[in-house]
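Step one of this worksheet: look at the structure below.
The values are calculated or read from the model by the stated rules, or taken from the named source; none is laboratory data. Keep in mind that this is a model prediction, so the values were computed, not measured. Cβ atoms come from the backbone with ideal geometry, glycine included; neighbour counts cover every protein chain shown.
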Amino acid sequence: FAVVERRLWRVETAMAVCLAAAGLFGSYLVLFFSDRLWDSPGWLRLGLLTAGIGITVGSVIWWMSRWVFHRRDTRALARLVQRRYRRLGDRLLGIVELADEKKRPAIFSPSLYRAAIGQVAGEALKLDFKQTVNPRPARQRAVVAATLVAVAVAVWGIIPQAGWNTLKRWGQPVADIPRHTLVGLTGFTNEMVVARGEPFDVNGAVEYRSFWRPATAWHRFNESKPVRADIAGTNVNFTVSGQVEDGDLTVNVGDARHEVAVRPVQRPAMRELHARIDLPAYLQHPVRNEPVQAAYLPVLRGSTVSFQGRVSRELQQAQVTIDEVARLMSVRDDNFSSPAHEVGVASHFAFTWLDKYDLAGAAAWQLNVEAIDDLAPRPDLGTLGRDLAILETEVLELNATVRDDYGVKETGIEWRALGQAEETPPQIAAALTARAKGTQETEFETGFHFSPAVLGIGKDTTVE
């Protein structure tokens, strides 16, 4: 029975050791290959470590229960032999009980016992008790354990960085240890704000860290179908179809994976535009602020004009192109201000901008500024006819209305007697001059009293 016990100890010890090794190396390799597919979460790493340790502890407990706490006695070994060599029947167990002095009856024949034991022992010596213990389960477990150990050693030999990284992540499942990938992705942003409903480009680069050099990349937006793209050298370029909802764009190359949060927004649009017009100095007008409602703006020639606008989003930069000459504008939040421009001839303005997300407007805001001349005032004497005869002493009441687009400063009556040289300046009397209250009255009404006698105009004189 000593031979059976030694062989059984070796087999069961090998089974326990192989099972423990298989548990530890198996859980490690599961994590290694899982990390090649995705960034294994902490709960999975913790579960694998717990499973590996649990199998190892279970193997130890199983071995100790058989060889420490509940070690087999001779009767148990005899039953084990009987199951292998059934022809011994119950005789082997019987002589085991006879050999135990505590279980012998009080009256017995030693010679009879010796004869019985000798007969069964002689028959048992012809048998190989080592065959009682089946080594196949141990061999099977040894093959599994050896395979797992060989794979782990090969992993460490070929890609040691990935092997060491997986070991750290396996041993510290709750620690924030980044996953080492055989392929690295660089140049990809974590978040993109794109134009709503318009295709957009995603660009990055691939870093090969091992013998594995994938030639294709894949991208997928939310749950849509993955789209394939070829890698040009180490550059990865995708054109993603237009999107209208927020989502995640997943880029996969080999075992590397990168997620880009995509947020589609409307392009920044013009909300309002005002023209700041500084009229020529002779008009003595304050600066005008006029809203620009259309693509045409008439401005008095000689004026200086600048523009202030507001768009739908905070700006990064803005510029205005005046007759194909680009000039930067100052920006503040969602407002912009253009430099001053002197209006001499008709000019074309094109406003463009770039918001904080690097999105430009859908199209440049076009504006034509037309230079107009300051026309002469338009006087009106009401119903007074063009030809009129009055007495020298008569007083003619004149009701005058004067209109001008940019305001009337003063109005008055001047005359010249017919027959005088045209170089002779017309006559002006202070009594026949009226000044407006300001410089911005576009319509001015006043009355005058024209008396030839008072003005020294002789009789039979024709004046104009």
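I'd like the residue in the range 129-169 that is assigned to a loop (DSSP other than H, G, I, E, B) and touching a helix residue (DSSP H, G or I) at 6+ places or on another chain (Cβ under 9 Å) and, out of all such residues, is modelled with the lowest pLDDT. Give the steps one after another, and end with the answer.
Our first condition is that a residue be assigned to a loop (DSSP other than H, G, I, E, B); within the range 129-169, this holds for 133-135, 159.
Retained after the next criterion (residues that are touching a helix residue (DSSP H, G or I) at 6+ places or on another chain (Cβ under 9 Å)): 133-135.
Details: V133: 57, N134: 63, P135: 72.
Among them, the one singled out is V133.
Can you find a residue in the range 30-44 that is of a type in the set (F, W, Y) and either buried (at least 18 other Cβ atoms within 10 Å of the Cβ) or touching a Gly at 6+ places or on another chain (Cβ under 6 Å) (or both)? I'd like the intermediate steps shown before the answer.
As a first pass, look at the range 30-44 and keep what is of a type in the set (F, W, Y): 32-33, 38, 43.
Narrowing further to those that are either buried (at least 18 other Cβ atoms within 10 Å of the Cβ) or touching a Gly at 6+ places or on another chain (Cβ under 6 Å) (or both): 32.
Looking for residues that are of a type in the set (F, W, Y) and either buried (at least 18 other Cβ atoms within 10 Å of the Cβ) or touching a Gly at 6+ places or on another chain (Cβ under 6 Å) (or both), one finds at least one in the range 30-44, hence yes.
Go through the range 316-337 residue by residue and tally those that are under 26 Å from E370 (Cβ atoms) and in a loop (DSSP other than H, G, I, E, B).
2
Mind checking which residues of the range 214-232 are surrounded by 14 or more Cβ atoms within 10 Å (Cβ to Cβ) and either among the charged types (D, E, K, R) or under 14 Å from the mean Cα position of the chain (by Cα) (or both)?
So in the range 214-232, the residues surrounded by 14 or more Cβ atoms within 10 Å (Cβ to Cβ) come out as 214, 217-221, 227, 229, 231.
Of everything in the range 214-232, those that are surrounded by 14 or more Cβ atoms within 10 Å (Cβ to Cβ) and either among the charged types (D, E, K, R) or under 14 Å from the mean Cα position of the chain (by Cα) (or both) turn out to be R220, F221.
When only residues in the range 267-295 that are exposed (fewer than 12 other Cβ atoms within 10 Å of the Cβ) and of a type in the set (A, V, I, L, M) count, which is farthest from the chain's Cα centre (by Cα)?
Just the residues of the range 267-295 that are exposed (fewer than 12 other Cβ atoms within 10 Å of the Cβ), to begin with: 281-282, 286-287, 289, 291, 293-295.
Remaining after also requiring of a type in the set (A, V, I, L, M): 281, 287, 294-295.
Values: A281: 53, V287: 45, A294: 37, A295: 36 Å.
Within the range 267-295, the match that is farthest from the chain's Cα centre (by Cα) is A281.
Which members of the range 355-385 meet the condition of being within 27 Å of V325 (Cβ to Cβ) and without any contact (Cβ under 8 Å) to a residue 40 or more places away in the chain?
Within the range 355-385, A363 is the sole residue that qualifies.
Test each condition in (1) within 30 Å of F188 (Cβ to Cβ); (2) not in a strand (DSSP E or B) for Q293 and report the one that comes out false.
Q293 satisfies all of (1) within 30 Å of F188 (Cβ to Cβ); (2) not in a strand (DSSP E or B) except (1).
What is the number of the single condition among (1) surrounded by fewer than 19 Cβ atoms within 10 Å (Cβ to Cβ); (2) in contact with a Pro (Cβ under 7 Å, 6 or more places away or on another chain) that S303 does not meet?
With respect to (1) surrounded by fewer than 19 Cβ atoms within 10 Å (Cβ to Cβ); (2) in contact with a Pro (Cβ under 7 Å, 6 or more places away or on another chain), S303 is out only on (1).
Do we find that G23 is within 15 Å of R179 (Cβ to Cβ), touching a residue at least 24 places away in the same chain (Cβ under 8 Å) and within 42 Å of the chain's Cα centre (by Cα) in this structure? Quick ask: steps written out before the conclusion?
Details: within 15 Å of R179 (Cβ to Cβ): no; touching a residue at least 24 places away in the same chain (Cβ under 8 Å): yes; within 42 Å of the chain's Cα centre (by Cα): yes.
Criteria not met by G23.
If a residue must be within 12 Å of V262 (Cβ to Cβ), among the hydrophobic types (A, V, I, L, M, F, W, C) and touching a Lys or Arg at 6+ places or on another chain (Cβ under 9 Å), how many such residues does the range 183-238 contain?
The total comes to 4.
Look at V244 and say whether it is hydrophobic (A, V, I, L, M, F, W, C) and in a loop (DSSP other than H, G, I, E, B). Full working, then the answer.
Numbers: hydrophobic (A, V, I, L, M, F, W, C): yes; in a loop (DSSP other than H, G, I, E, B): yes.
Taking the combined requirement at face value, the residue satisfies it.
Scan the range 136-182 for residues that are closer than 17 Å to S34 by Cβ and among the charged types (D, E, K, R) and jot them down.
Those that are closer than 17 Å to S34 by Cβ and among the charged types (D, E, K, R): K168, R169, R179.
For the range 278-287, does any single residue satisfy the condition of being closer than 13 Å to V369 by Cα, without any contact (Cβ under 8 Å) to a residue 60 or more places away in the chain, in the same structural domain as A350 (by TED's automatic domain parsing) and in a loop (DSSP other than H, G, I, E, B)?
Filtering the range 278-287 down to residues closer than 13 Å to V369 by Cα leaves none.
Looking through the range 278-287, none of the residues is closer than 13 Å to V369 by Cα, without any contact (Cβ under 8 Å) to a residue 60 or more places away in the chain, in the same structural domain as A350 (by TED's automatic domain parsing) and in a loop (DSSP other than H, G, I, E, B).
Just for the range 274-297: of the residues that are touching a Ser or Thr at 6+ places or on another chain (Cβ under 8 Å) and modelled with pLDDT of 90 or more, which one is nearest to A364 (Cα to Cα)? Give the steps one after another, and end with the answer.
Here is the first cut: in the range 274-297, the residues touching a Ser or Thr at 6+ places or on another chain (Cβ under 8 Å) are 275-280, 283-285.
Filter once more, keeping what is modelled with pLDDT of 90 or more: 275-278.
Details: A275: 17, R276: 20, I277: 22, D278: 25 Å.
Applying the filter and picking the extreme gives A275.
Quick one: what pairs do we get from the range 186-215, first residue part of a loop (DSSP other than H, G, I, E, B), second of a type in the set (S, T, Y), C-beta under 9 Å, 6+ apart or different chains?
These pairs meet every condition: P199/T239; P199/S241; R209/T181; P214/Y208.
Would you be able to tell me the number of residues in the range 338-362 that are more than 25 Å from V265 (Cβ to Cβ) and not in a strand (DSSP E or B)?
Looking only at the range 338-362, we keep the residues that are more than 25 Å from V265 (Cβ to Cβ), and these are 338-349.
Subsequent filtering for residues that are not in a strand (DSSP E or B) retains 338-340, 343-346.
Qualifying residue count for the region: 7.
Yes or no: the range 318-330 includes at least one residue that is surrounded by 17 or more Cβ atoms within 10 Å (Cβ to Cβ) and in contact with a helix residue (DSSP H, G or I) (Cβ under 9 Å, 6 or more places away or on another chain).
no
Among the candidates P298, P377, which residue alone is over 32 Å from the mean Cα position of the chain (by Cα), of a type outside the set (V, I, T) and surrounded by 15 or more Cβ atoms within 10 Å (Cβ to Cβ)? Write out each step before concluding.
Details: P298 fails: surrounded by 15 or more Cβ atoms within 10 Å (Cβ to Cβ).
Step by step, each of P298, P377 is checked, and only P377 is over 32 Å from the mean Cα position of the chain (by Cα), of a type outside the set (V, I, T) and surrounded by 15 or more Cβ atoms within 10 Å (Cβ to Cβ).
Answer yes or no as to whether A371 is part of a strand (DSSP E or B) and among the aliphatic types (A, V, I, L, M). Spell out how you get there, then give the answer.
Values: part of a strand (DSSP E or B): yes; among the aliphatic types (A, V, I, L, M): yes.
When the stated conditions are applied, A371 passes them.
On the given criteria, is T239 surrounded by 14 or more Cβ atoms within 10 Å (Cβ to Cβ) and under 25 Å from L37 (Cα atoms)?
Numbers: surrounded by 14 or more Cβ atoms within 10 Å (Cβ to Cβ): no; under 25 Å from L37 (Cα atoms): yes.
For T239, the condition - surrounded by 14 or more Cβ atoms within 10 Å (Cβ to Cβ) and under 25 Å from L37 (Cα atoms) - is not met.
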